[in-house]
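The values are calculated or read from the model by the stated rules, or taken from the named source; none is laboratory data. Computed from a predicted structure; not experimentally measured. Here Cβ is always computed from backbone atoms with ideal geometry, including for glycine, and neighbour counts include all displayed protein chains.
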Number of protein chains: 8
Amino acid sequence: MSTTHLTVYLSGEIHSDWRERIETGCRGLELPVTFVSPNTHHASSDGCGEAILGDETSPFWRDHKAAKLNAIRTRTLLNQADIVVVRFGEKYRQWNAAFDAGWAAAKGLPVIVLHPPELGHALKEVDAAALAVAQTPEQVVEILRYTVTSTL
Amino acid sequence: MSTTHLTVYLSGEIHSDWRERIETGCRGLELPVTFVSPNTHHASSDGCGEAILGDETSPFWRDHKAAKLNAIRTRTLLNQADIVVVRFGEKYRQWNAAFDAGWAAAKGLPVIVLHPPELGHALKEVDAAALAVAQTPEQVVEILRYTVTSTL
Amino acid sequence: MSTTHLTVYLSGEIHSDWRERIETGCRGLELPVTFVSPNTHHASSDGCGEAILGDETSPFWRDHKAAKLNAIRTRTLLNQADIVVVRFGEKYRQWNAAFDAGWAAAKGLPVIVLHPPELGHALKEVDAAALAVAQTPEQVVEILRYTVTSTL
Amino acid sequence: MSTTHLTVYLSGEIHSDWRERIETGCRGLELPVTFVSPNTHHASSDGCGEAILGDETSPFWRDHKAAKLNAIRTRTLLNQADIVVVRFGEKYRQWNAAFDAGWAAAKGLPVIVLHPPELGHALKEVDAAALAVAQTPEQVVEILRYTVTSTL
Amino acid sequence: MSTTHLTVYLSGEIHSDWRERIETGCRGLELPVTFVSPNTHHASSDGCGEAILGDETSPFWRDHKAAKLNAIRTRTLLNQADIVVVRFGEKYRQWNAAFDAGWAAAKGLPVIVLHPPELGHALKEVDAAALAVAQTPEQVVEILRYTVTSTL
Amino acid sequence: MSTTHLTVYLSGEIHSDWRERIETGCRGLELPVTFVSPNTHHASSDGCGEAILGDETSPFWRDHKAAKLNAIRTRTLLNQADIVVVRFGEKYRQWNAAFDAGWAAAKGLPVIVLHPPELGHALKEVDAAALAVAQTPEQVVEILRYTVTSTL
Amino acid sequence: MSTTHLTVYLSGEIHSDWRERIETGCRGLELPVTFVSPNTHHASSDGCGEAILGDETSPFWRDHKAAKLNAIRTRTLLNQADIVVVRFGEKYRQWNAAFDAGWAAAKGLPVIVLHPPELGHALKEVDAAALAVAQTPEQVVEILRYTVTSTL
Amino acid sequence: MSTTHLTVYLSGEIHSDWRERIETGCRGLELPVTFVSPNTHHASSDGCGEAILGDETSPFWRDHKAAKLNAIRTRTLLNQADIVVVRFGEKYRQWNAAFDAGWAAAKGLPVIVLHPPELGHALKEVDAAALAVAQTPEQVVEILRYTVTSTL
């Protein structure tokens, strides 16, 4: 039986090391998984619109241009992904992560949600559309390992 | 030229009167618009799973059952809607609203976002996928009137 | 807020009165729900192919012709349905019910599964794709009532 | 004329050697076919949810978590497959196999069903949606060989 | 249990009375079926392009304009149909009927093929994609009656 | 044989009376056709964004807000249309009309293009994706009459 | 500017050397094109069902089993193709070729039709759905060369 | 985190060096981007239909044959593209570019529009459907670099 290569999109929180922990964990296991993600640098993610396409006087349009530029990457990678992992943390509202989860679910992509248990009630609709709800990046590594190898 | 009937799904915040203001405004204008929405009663929305399908000992599964029951209504109405309005307020995280916005955008439905300007930066990705970003329910009424009548 | 009309497809077991109990229950509540179902008469369901298109000497082709004739109704109604309820009972293998559930899930239709708790382990993959798992027809009535009215 | 590479998903029965016989047969013929399948180990397939995401007190949720974890693999592989083979045996109800067949048919994937002739009547709806109904793994090997090489 | 309304597209042969026999048969049974079809008048079907959009010197473009005008009706009605009946007769090549059958099958519409048994070998690929192969218009009436009423 | 009701979207040029001529022509023939169109008033089409959602200092964002508001109507009506007529005239660049034609063609909707013959070379790619290329509104009336009645 | 690799499906007539002429022509030009096709051997194409899955007493089911086995290859290759070439000759009715053309057109694949000019009137609906109508295999080679290289 | 390979389709204006500037810019940065485009040679693009498929007496059909041949390339490449860049210049009407933009937007592909600011008002509907509106090819290079590398 062949193993298959997976492309996994990592959406959400950018202020903690969850992506690194998932990648490091999977690399240590030599899993055939490619990880992709949105731009995770806060400053360039906010400033890219003005930096590339010119200054704006209104904060709304500044954000608008940046969000659309970022969407070029996001849409392209979501179109190429097999599985989407969406991470929510305590600090931020991360509506973009929930938006990505809705998009992925509508497209029929398997969604894994990662958040601390305290956020469970607020995230119940997102969790209800997911195939797994993990609390730690290490659990996501285990899920990906199990998905690839079918062994515990 | 004929006018067309619209079915508009109103997603998001349930603790203010924005839905009533939009409905009252459109009814006053006699617009051919039908409004549908998720269950907007907090208690039944949280408790429906246990009330109908039996008690749970874990809060996670209590929420899970409820969220899935609510999704029966949400999915059905999103499948029938022409336009989706998504409302975000200051108080709650409303990840379900952002999830609905992602779902609607992925399905190619026109999305109108309604939120106070202070939330613009946090909502920039959702706004970037919308066809209009309004600040008041009355603006949404105006948008729907314009969509139906093509007059200002 | 408007209520919406639902078309509900009732798939599965044909040797008990679960369909009648759901329909009677919803009619008593005057819910705006139309119920449709496959042919539920065992003999005509098995014999329709030969009766209409001529005798067969092989049981395989006898079944094949009948199953395809029944699929004309099934596919058409699944294409028109908003929600699919799938019922499994103790006695039969009902692979057609599980097939319908897979079809409905792949098409993005909300699925409600109805079965006694003893079948839960064997049906775990089907349940995992459903938005609700009920044990009695009366619970399905309650789910449909809640879906339509948003009240408990 | 070029031959093409096929990815074949093998769904269903896990307590007999049908997968091995198909794989061995195709390998012996040096066919350009990659085989993928769900987790076929009964114990890990049932226990994965608890092992990775924590214990449950209710058997329903134990099964639910496991079934959803397994669905991450199943959905991903069904999305990547060219052809789906679904095997039914005498002993188990295998509603998941019928569910996979319904899903594959709804997505327009060619389906091959493999079962002993005694199950033909009970499986007539699934067979009716298939492009071939085989009785032995060796017939499936022949079908795949014929699909690839166009020779008998 | 409700009966459902069906829209049935009648594609193919235009030189016999098969459409009338199906319509008369279903009307006599008071079935809730609407029949639609391509233009069945040979002369206007061939000449419509020139009659409406101007003369052509080349027979190829004369046919091309006519075929495309006819496709406006065909595509629209296929988009609205629940079921497609495709009729083949002895005399003509009716590639357009086989084209419609391929289109309908690709879109997931139930297809019924109607032809004399002598054509079975030549039509085997089309028959293989159909849910029923009838030999007489009266059998199609019976199929539609059975589809609507579930009784023999 | 039943006639069918058509919803026809009229896209493009807003400075001539082509829509009125098509509607008057079809009304005179009592055809069962509903016509819908984008906002055809130049000033409100340009100014709607500022009028409803507030002033802009930059002409780019003024246009952007207006174009998106207009797209709410356009997308909704294109989603509801059976047939799309796209009109090009001599004076304007009408890139929005060509955009609508591309959108409609990608969605599989029958497209009729209406333009003077002098524009044929510049419009050859749009014409190549259409099912009819008319030169006068009266020809479009004839096409719709023929589509509905199958008579010349 | 990069050239792209094309996968071209060659459907239709099996009793002339048109496939060889197209393949030889493209190989001589070193075009990056892979050709795939249905089984083109008449005897095995007719007999595969019985040879692999067992004898039938009725010619209808003999054909049915064979046609479905062949469809496993056809569907898989059509799902992988970029462009479909469909060839019609004088001698046979080739309804399967027209069926493939309808399928390909419904899926949005570019279709090239190849037939002698005498068949133009009978094939006008198929030609109307194609992007090119060629009379000789050498013209198809030229079309593919032009598609790849953009030079005449 | 992996970078991803992008296939970018460059649609529109053929009389300036914008494609070369984008390609040269990306090559200088060693970005993993493949560029594809329609035939950009005016003469062969206009004459291909006659050159390959024979002369026409009418300019309309001459253009029609050519436009359809060019569409074989265009459709195939749009089907393979991740991102579409559409360029509009001052001189030509370029309805085909706007058509490509509509097609790409309907298919959910990210669209980047490139035009001088003076064309903004006329292109507002196309711009409204795009994720970025650039004024220079160098800005497009920057966008692609940012999309691939997530750095400014």
Item to check | Unmet criterion (only one of (1) under 16 Å from the mean Cα position of the chain (by Cα); (2) under 24 Å from B:K107 (Cβ atoms)) for C:S150 | outcome: (1)
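Can you spot a residue in region A:100-119 that is in contact with a Lys or Arg (Cβ under 6 Å, 6 or more places away or on another chain), more than 16 Å from A:E13 (Cα to Cα) and not small (G, A, S)? Spell out how you get there, then give the answer.
In the first step, residues of region A:100-119 are kept if they are in contact with a Lys or Arg (Cβ under 6 Å, 6 or more places away or on another chain); the result is A:106, A:110, A:114.
When the remaining residues are screened for being more than 16 Å from A:E13 (Cα to Cα), the result is A:106, A:110.
Within this subset, residues satisfying the condition of being not small (G, A, S) are A:110.
For region A:100-119, residues in contact with a Lys or Arg (Cβ under 6 Å, 6 or more places away or on another chain), more than 16 Å from A:E13 (Cα to Cα) and not small (G, A, S): present.
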Checklist outcome for this item: Those residues of region E:21-33 which are crowded, with 17+ Cβ neighbours inside 10 Å and without any contact (Cβ under 8 Å) to a residue 60 or more places away in the chain amount to E:E23
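Looking at H:D46, is it touching a Ser or Thr at 6+ places or on another chain (Cβ under 6 Å) and among the acidic types (D, E)?
For H:D46, the condition - touching a Ser or Thr at 6+ places or on another chain (Cβ under 6 Å) and among the acidic types (D, E) - is not met.
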Next on the checklist: Here is a list: E:D55, E:D46. Which entry is part of a loop (DSSP other than H, G, I, E, B) and under 27 Å from H:K68 (Cβ atoms)?
Outcome noted: E:D55
Next on the checklist: Which condition from (1) charged (D, E, K, R); (2) over 14 Å from the mean Cα position of the chain (by Cα); (3) buried (at least 24 other Cβ atoms within 10 Å of the Cβ) is the one that E:D100 breaks?
Outcome noted: (2)
Item to check | Filter result for A:T4 (out of contact with any Asp or Glu (no Cβ under 6 Å at 6 or more places or on another chain) and part of a loop (DSSP other than H, G, I, E, B)) | outcome: yes
Checklist entry - Looking only at region F:115-147, which residues are of a type in the set (V, I, T) and closer than 17 Å to F:A104 by Cα? => result F:V126, F:V133
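Any chance you could count how many residues in region F:37-52 are among the aliphatic types (A, V, I, L, M) and surrounded by fewer than 20 Cβ atoms within 10 Å (Cβ to Cβ)? Steps first, please.
Keep residues of region F:37-52 that are among the aliphatic types (A, V, I, L, M), which gives F:43, F:51-52.
Right, trim to surrounded by fewer than 20 Cβ atoms within 10 Å (Cβ to Cβ) and you get F:43, F:51.
So the answer is 2.
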Item to check | Residue check for D:S45: at the interface with another protein chain (Cβ under 7 Å from one of its Cβ atoms), under 20 Å from the mean Cα position of the chain (by Cα) and free of Cβ contacts under 8 Å to residues at least 60 places away in the same chain | outcome: no
Checklist entry - Is it the case that G:N39 is closer than 27 Å to E:K107 by Cβ, polar (S, T, N, Q), outside any helix (DSSP H, G or I) and without any contact (Cβ under 8 Å) to a residue 60 or more places away in the chain? => result yes
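How many of the residues in region A:103-121 are farther than 19 Å from B:R75 by Cα and surrounded by fewer than 24 Cβ atoms within 10 Å (Cβ to Cβ)?
Going through region A:103-121, the residues farther than 19 Å from B:R75 by Cα turn out to be A:112-121.
Add one more test, that the residue is surrounded by fewer than 24 Cβ atoms within 10 Å (Cβ to Cβ), and what stays is A:116-121.
Residues in region A:103-121 being farther than 19 Å from B:R75 by Cα and surrounded by fewer than 24 Cβ atoms within 10 Å (Cβ to Cβ): 6 in total.
Taking helices (runs of 4 or more DSSP H) that fall entirely within region H:67-152, which contain at least 1 residues that are more than 7 Å from chain F (Cβ to nearest Cβ) and in contact (Cβ under 8 Å) with a residue 40 or more places away in the chain? Explain how you work it out, then say what you get.
On the way: elements: H:95-106, H:124-128, H:137-149.
Output list reads H:95-106, H:137-149.
Given the residues E:G12, E:G47, E:G54, which is the only one that is farther than 18 Å from F:T149 by Cβ and out of contact with any strand residue (DSSP E or B) (no Cβ under 7 Å at 6 or more places or on another chain)?
Checking each option against the conditions leaves just E:G54.
Check region G:16-35 and report whether any residue there is within 14 Å of chain E (Cβ to nearest Cβ) and in a helix (DSSP H, G or I). Step through it out loud before you land on a result.
Going residue by residue through region G:16-35, those that are within 14 Å of chain E (Cβ to nearest Cβ) are none.
No - not one qualifying residue is present in region G:16-35.
Using the structure shown, decide if F:N79 is surrounded by fewer than 21 Cβ atoms within 10 Å (Cβ to Cβ) and of a type outside the set (A, V, I, L, M, F, W, C). Even if it seems obvious, please write down each step before you answer.
Values: surrounded by fewer than 21 Cβ atoms within 10 Å (Cβ to Cβ): yes; of a type outside the set (A, V, I, L, M, F, W, C): yes.
So F:N79 passes the test.
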Checklist entry - What is the number of the single condition among (1) modelled with pLDDT under 95; (2) touching a strand residue (DSSP E or B) at 6+ places or on another chain (Cβ under 6 Å) that G:K91 does not meet? => result (2)
Checklist entry - If you take the residues in region C:137-152 that are in contact with a helix residue (DSSP H, G or I) (Cβ under 8 Å, 6 or more places away or on another chain) and of a type in the set (S, T, N, Q), which one is surrounded by the most Cβ atoms within 10 Å (Cβ to Cβ)? => result C:T147
Next on the checklist: Give me the residue from region D:1-38 that is modelled with pLDDT of 95 or more and among the acidic types (D, E) and, out of that set, farthest from the chain's Cα centre (by Cα).
Outcome noted: D:E30
Item to check | Residue among C:L78, C:L69, C:L119 that is over 15 Å from the mean Cα position of the chain (by Cα) and within 30 Å of G:F60 (Cβ to Cβ) | outcome: C:L69
